[in-house]
Ligand code: 5CU
């Protein structure tokens, strides 16, 4: 075990529920699941453009197997890595793509599936629900209120597009209000990345690295900065948001964000009669950061801005499985998990470590 005393909680861990799988298998536009003959194995295509005909069939998207959709595999993974509790969530792009008329009904079914999966392993699983973001605002709020009644749900996972116009969209105001009122945490996770041109003409040489290592964190950083700049937390002062991948680059860039505001005549004049909360205040009171940065440098920045009592351990399972080793087999322990464990163990002294590995999640997400 990683700590003799901690209850270990993984708050960043995705599942594909039966209905989510069925929907993905029925589609032929991204996101979808299918095989590319002559290869017969299923591949999961999530990110825009990763099914380009120029890409060899065996490197389109990623292989998808039971780790993604069989909940007993999640429990096996947890046992292998000493994880006591997982807070499961759908993977990106969640249900953002549903036709408006299906959004509420399908989201309710998928959320019930998530809650039922948790019920099948009592005490080991909790969930972040999904929202019908392609439906109406009234439907989103209806589902937020229903989620608050589901036994194992502790919040919602959402992407950076919100209702389609980002997280500074004034139409989200009542959504933030409903989430604050029902004390549900938002798990904010990237999906859409940066425009493809940013990655240049040789991007295919670099596999998924630029999109996942750089695009995802930048996307989160900009989305949360827009939310902050639009004054969401000035109004909803108790709204709690857990940022994936330790906040992208927000911990590193928070000082620059504040400085640019203080030097921006437009913002300063527009807001001169209002009291503005700083990004430092929000980082210490509203934002939680996962530990999924794999190295001490990122953890140091996260701790500096948010405090070690607001950092929560995560794995990103079932993504980043081990590659096959020289003998063609796979390591039992996942490198993506052991790297993360090592970084937190090296960075924090035992009492703080126990909080990050689980105590913080238990307290902040009420995992009794
Ligand atoms: O490997 C990937 O594409 C991903 C993804 O899409 N989402 C995620 O959370 N991790 C890895």
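Summary table below
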{"read-out": "Protection proxy ranking of 308-320, 101-113, 131-143, 267-279 - average other beta-carbon atoms within 10 Å, highest first", "value": "308-320, 131-143, 101-113, 267-279"}
{"read-out": "Taking the C-alpha atoms of the range 184-308, convex hull volume expressed per residue in Å³", "value": "121 Å³"}
{"read-out": "Expected-Rg normalisation [2.2 N^0.38 Å, Cα atoms] applied to the range 114-222", "value": "1.28"}
{"read-out": "Label-to-label distance, nm, for residues given as residue 57 and residue 183 (7 Å Cα→Cβ offset)", "value": "5.3 nm"}
{"read-out": "Rotationally averaged projected area of the range 85-152 (alpha carbon convex hull; nm²)", "value": "4.1 nm²"}
{"read-out": "Prolate/oblate/rounded call for the range 233-281, Cα gyration tensor, a/c under 1.5 rounded", "value": "oblate"}
{"read-out": "Packing rank of 23-30, 79-86, 150-157, where each peptide gets the mean count of other beta carbons within 10 Å, highest leading", "value": "150-157, 79-86, 23-30"}
{"read-out": "Dimensionless Rg ratio for the range 57-119, taking C-alpha atoms and the 2.2 N^0.38 Å reference", "value": "1.37"}
{"read-out": "Normalised convex hull volume, the range 1-137, alpha-carbon set, Å³ per residue", "value": "126 Å³"}
{"read-out": "Estimated FRET transfer efficiency when R0 is 35 angstrom, pair residue 22-residue 338 (beta carbons, to 0.05)", "value": "0.55"}
{"read-out": "Residue 368-residue 105 FRET efficiency (beta carbon distance; Förster radius 25 Å; 0.05 resolution)", "value": "0.20"}
{"read-out": "Helix-derived mean residue ellipticity, 222 nm - over the chain, DSSP H n ≥ 4, -39500 (n - 2.57), to 500", "value": "-11000 deg cm²/dmol"}
{"read-out": "Segment residue 206-residue 30, extension gain: residue separation times 0.36 nm, minus the distance between their alpha carbons", "value": "61.3 nm"}
{"read-out": "Contour minus Cα-Cα distance for residue 7 and residue 75 (0.36 nm per residue)", "value": "23.0 nm"}
{"read-out": "Residue exposure sequence - 236, 94, 280, 334 - by fewest surrounding Cβ within 10 Å", "value": "280, 236, 334, 94"}
{"read-out": "Diffusion coefficient, µm² s⁻¹, Stokes-Einstein with Kirkwood Rh over alpha-carbon pairs of the chain at 20 °C and 1.002 mPa s", "value": "101 µm²/s"}
{"read-out": "Relative contact order (%) - the chain, alpha-carbon pairs under 8 angstrom, separation at least six", "value": "17 percent"}
{"read-out": "Packing rank of 256-264, 284-292, 8-16, where each peptide gets the mean count of other beta carbons within 10 Å, highest leading", "value": "8-16, 284-292, 256-264"}
{"read-out": "More than 17 angstrom apart: percent of Cα pairs within the range 235-347", "value": "62 percent"}
{"read-out": "Where labels lie 7 Å past Cα in the beta-carbon direction, separation of residue 259 and residue 226 in nm", "value": "2.5 nm"}
{"read-out": "Residue among 248, 159, 207 with the largest mean-square fluctuation in a Gaussian network model of the chain, springs linking Cα atoms under 10 Å", "value": "207"}
{"read-out": "Gain on full stretching of the segment that runs from residue 40 to residue 97 - 0.36 nm per residue minus C-alpha separation", "value": "17.9 nm"}
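Throughout, read-outs are computed from the coordinates displayed, never taken from laboratory work. Since the structure is predicted, the reported quantities are computational estimates derived from the model, not experimental observations. Cβ atoms come from the backbone with ideal geometry, glycine included; neighbour counts cover every protein chain shown.
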